[in-house]
Amino acid sequence: MKPLFEQDSRVPLSKRIVFLGDSITDEGTYIAYMDAYFRQHMPEHDMTLINLGVNSETASGLSEPDHPFPRPCIHDRLGRALQESRPDWVVLCYGMNDGIYYPFSEERFQAYRQGVQ
């Protein structure tokens, strides 16, 4: 049996991919690397990569009381973002801000799990 990553490794000829996430996504480096890879190694593919990352955003909706502003939550903009970008695929990159820089808490982890689901 092949590992999961080898199961259907064909790259489609055309895809519109939206990236949602926090400041790591917003900064865009890993998306730029992916774009450069596709352009260099698969120029016949029409891959549109759309960065919709937002600095400080969470999937959980949690925020620290002493944070300079309430952290934005993806659920407040998800419908509109998907409607306007019309992606074939969506990549979600959340987690750093969802722990809100406190020690582990089952409650925060549950909020994160629910937010991602």
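The values are calculated or read from the model by the stated rules, or taken from the named source; none is laboratory data. This structure is a prediction, so every number in the text was calculated from the model and none was measured. Backbone-built Cβ (ideal geometry, glycine too); neighbour counts: all protein chains shown. Accessible surface areas use protein heavy atoms only, side chains included; no ligands, DNA or RNA. Shrake-Rupley method; radii C 1.70, N 1.55, O 1.52, S 1.80 Å.
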Linear extension gain, Asp76 paired with Gln117, 0.36 nm per residue minus alpha-carbon span: 13.3 nm
Once every DSSP H run of n ≥ 4 in the chain is given -39500 (n - 2.57) and the sum is divided by its residues, what mean residue ellipticity at 222 nm do you get, rounded to the nearest 500 deg cm²/dmol? -9000 deg cm²/dmol
Of the options Tyr102, Asn51, Gln40, report the single residue whose Cα projects farthest towards the positive end of the charge dipole of the chain (beta-carbon charges: Lys, Arg +1; Asp, Glu -1). Gln40
Could you provide, to the nearest whole Å², the per residue accessible area of the chain with probe 1.4 Å? 69
Over the chain, what is the mean sequence separation of C-alpha contacts under 8 Å (at least six apart), divided by residue count, expressed as relative contact order in percent? 32
Cut-off 15 Å, label 7 Å out along Cα→Cβ of Val90, residues of the range 41-63 by amide N: 50-54, 58-61
Let me know the Kirkwood hydrodynamic radius for the range 15-99, please, with Cα pairs as the basis and the value in Å to one decimal. 13.7
For the range 18-65, max minus min Cα coordinate along each principal axis, in Å, sorted largest first? 49, 15, 10
By accessible area with a 1.4 Å probe, ligands and nucleic acids excluded, highest first: order of Ser85, Ser63, Ser14: Ser14, Ser63, Ser85
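Keeping the other protein chains in place, figure out the carbon and sulfur percent of the accessible area of the chain, with a 1.4 Å probe.
56
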